[in-house]
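Notes to accompany the following structure.
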């Protein structure tokens, strides 16, 4: 079974600075997807960024980028120019891309990010 | 295009009562996933349904929990004889195919069992 680990329960960053959230995962599969979801105090789950494992190029979405290291099974999220609205719980998630029907997500335990003004 | 809708957003039940949680997927989506989030934890998969079919219920507790996704209407997660340990946030997600890599989440239903 796949597992997702986020070793940082809490992180803080100064406004306008850069922060990196760590995520590692364990799988025997070669094809899969990785995601970062943001959960603000409203508790809505918001997709931040996703990465296809077969792509070597790291995904980028505006101020959010990932460092995907497939061999190391690492998938960190970098937030540049942090804003107060970035404060939230961040969840790393794994989803198989195998032929199995409708694979569900496996989520990590989350990292609570605080942004200091 | 409206997103995934869940209602109620907050639900309070006394021990022994039934809880019914509703999920309307995004327009055009026929695949629904239910997840449970206990306090200070990540989301845990419960069940995956397609219209009129349960595809994968490997994460669902064996007793008191059931789910359906009828041909017409929303998906329903039903919890019978609730206990305090059922207090959690329940999230629904949807996709337009089982092979779509991204699932879109609703705002969740917060269940509190007194």
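Rule-based calculations on the coordinates, nothing more; no lab input. If you're wondering where the values come from, they're calculated on a predicted model, not measured in any experiment. Neighbour counts run over all protein chains shown; Cβ positions are idealised from the backbone, glycine included.
Please give, to one decimal in nm, the separation of the simple spin-label points placed at residue A:54 and residue A:112, each 7 Å out from Cα toward the Cβ.
4.0
In peptide A:105-112, how many Cβ atoms from other protein chains are near each Cβ within 10 Å, on average?
Taking all residues of A:105-112 together, the mean is 4.
Separation of the range A:47-117 and the range B:6-56 by C-alpha centroid, Å?
Each part's Cα centre sits 23 Å from the other's.
Take every residue in peptide A:8-18, count the Cβ atoms of other chains within 10 Å of its Cβ, and give the average of those counts.
Rounded to a whole number, the mean comes out at 0.
Taking neighbour counts of Cβ atoms within 10 Å as a proxy for exposure, in what order, fewest first, do B:54, A:49 appear?
Sorted ascending by nearby Cβ count, the order is B:54, A:49.
Which percentage, to the nearest 5, of the DSSP beta bridges contained in chain B is antiparallel?
The antiparallel fraction comes to roughly 90 percent.
So, R0 is 25 Å and r is the distance between the beta-carbons of residue A:64 and residue B:41; what FRET efficiency does that work out to, to 0.05?
0.60
Which whole-number percent gives the relative contact order of the range B:51-109, counting Cα pairs below 8 Å spaced six or more residues apart?
23
Give, in nm to one decimal, the length gained when the segment between residue A:46 and residue A:29 is fully stretched (0.36 nm per residue of separation minus the Cα-Cα distance).
Extending this stretch completely gives an extra 3.5 nm.
Nearest 0.05, what FRET efficiency do residue A:7 and residue B:84 give at R0 = 35 Å with Cβ-Cβ as r?
Between residue A:7 and residue B:84 the formula returns 0.70.
Let me see the pair-distance distribution of the range B:1-103: every alpha carbon pair, 10 Å bin width, integer percents in order.
15, 50, 29, 5
For the peptides A:85-94, B:38-47, A:66-75, what is the packing order when you average, over each peptide's residues, the other Cβ atoms within 10 Å and list the highest mean first?
Highest to lowest by the protection proxy: A:85-94, B:38-47, A:66-75.
Per-residue mean of other chain beta-carbon atoms within 10 angstrom of the beta-carbon, peptide A:44-54?
Partner-chain Cβ atoms within 10 Å, mean over residues of A:44-54: 3.
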